[in-house]
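The values are calculated or read from the model by the stated rules, or taken from the named source; none is laboratory data. Predicted, not measured: the structure shown is a model, and the values here were computed from it. No Cβ is skipped: glycine too gets one built from the backbone with ideal geometry, and neighbour counts run over all protein chains shown. Calculation scope for accessible area: heavy atoms of the full protein, side chains included, ligands and nucleic acids excluded. Shrake-Rupley method; radii C 1.70, N 1.55, O 1.52, S 1.80 Å.
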Amino acid sequence: MCLSIPSQITKIDRSRNVATVDTMGVAREASLDLIDQQVDVGDYVLIHIGFAMNKIDEADAIHSLEAYQEIIAVMEAEEPEQFIAESDHSTRRGEDG
């Protein structure tokens, strides 16, 4: 399964047909060769394997980014507890075996 995180275009190189995008604080390049919509700096796009595929509405992009941030926060909060539980399980397994 592929999750497309909304990425905001920060720069466009029309000569190469490539956009520089910001994906949750990470800058990367994405080809504009496959997108069938006009895009400009500030627009949000969904990227798949290095290609901008769809332009999306800013409100939808922001809503999605907020949801991803919530998921990340939950995962980060649960990770230490999960690590401790796995460590306890591993220790008990070692005592039995």
Is it the case, given these coordinates, that Glu86 is at pLDDT below 95 and either open to solvent by 40 Å² or more (accessible area, probe 1.4 Å) or part of a helix (DSSP H, G or I) (or both)?
yes
If Ile72 passes every condition in (1) without any contact (Cβ under 8 Å) to a residue 40 or more places away in the chain; (2) of a type in the set (A, V, I, L, M, F, W, C); (3) in a loop (DSSP other than H, G, I, E, B) but one, which one does it miss?
(3)
Of all residues in the range 18-67 being over 15 Å from the mean Cα position of the chain (by Cα) and open to solvent by less than 50 Å² (accessible area, probe 1.4 Å), the one that is nearest to Ile5 (Cα to Cα)
Asp43
Flagged in the range 1-34 as without any contact (Cβ under 8 Å) to a residue 40 or more places away in the chain, in a loop (DSSP other than H, G, I, E, B) and in contact with a strand residue (DSSP E or B) (Cβ under 6 Å, 6 or more places away or on another chain), in numbering order, are Leu32, Leu34
